[in-house]
1. How about region 16-50: which of its residues are more than 30 Å from Leu6 (Cα to Cα) and not in a helix (DSSP H, G or I)?
2. Could you say which residue among Leu6, Leu32 is of a type outside the set (Phe, Trp, Tyr) and over 25 Å from Phe68 (Cβ atoms)?
3. Take the conditions at pLDDT below 95 and of a type in the set (Gly, Ala, Ser) and apply them to Ser30. Does it pass?
4. Considering only residues that are exposed (fewer than 14 other Cβ atoms within 10 Å of the Cβ) and β-branched (Val, Ile, Thr), which ones fall in region 28-50?
Amino acid sequence: MNNNSLQNRFASLRSNKTFEMFVVAVIVGSALLVGAKTFELGPVTQQLVNWLDYTVTLIFLSEITIRFLGEEHQSEHADRYRRQCDER
């Protein structure tokens, strides 16, 4: 499987409405988790919230990876990042 084919598959996934709705649901769930952290929780519930928080982080990492790999001009993003780092 070549890079262009992989890029097309990620681009297709990125623009998929089910994927978008899943991401929105994770964002809402993440907001609820932030709210839950403001309460005193029992040790088991706290462990569950921590586990869910970790899972949300991995989902967001996967989402941004899919979006980046589905982008047509990845090298432009890398070049822009390198120029910003060089300016510092």
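The values are calculated or read from the model by the stated rules, or taken from the named source; none is laboratory data. For clarity, every value in this text was computed on a predicted model and none was experimentally measured. Because the Cβ atoms are built from the backbone with ideal geometry, glycine has one as well, and the counts that use them run over all protein chains shown.
1. Keep residues of region 16-50 that are more than 30 Å from Leu6 (Cα to Cα), which gives 31-50.
If the condition is that a residue be more than 30 Å from Leu6 (Cα to Cα) and not in a helix (DSSP H, G or I), then Lys37, Thr38, Phe39, Glu40, Leu41, Gly42 are the ones that fit.
2. On the way: Leu6 fails: over 25 Å from Phe68 (Cβ atoms).
Answer to the selection: Leu32.
3. Details: at pLDDT below 95: no; of a type in the set (Gly, Ala, Ser): yes.
In short, no.
4. Listed by number, the residues that qualify are Val28, Val34, Thr38, Val44, Thr45.
Here's the yes/no breakdown for (1) assigned to a helix (DSSP H, G or I); (2) without any contact (Cβ under 8 Å) to a residue 60 or more places away in the chain; (3) surrounded by 10 or more Cβ atoms within 10 Å (Cβ to Cβ); (4) hydroxyl-bearing (Ser, Thr, Tyr):
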{"site": "Phe10", "(1), (2), (3), (4)": "yes, no, yes, no"}
{"site": "Leu52", "(1), (2), (3), (4)": "yes, yes, yes, no"}
{"site": "Ile66", "(1), (2), (3), (4)": "yes, yes, yes, no"}
{"site": "Gln84", "(1), (2), (3), (4)": "yes, yes, no, no"}
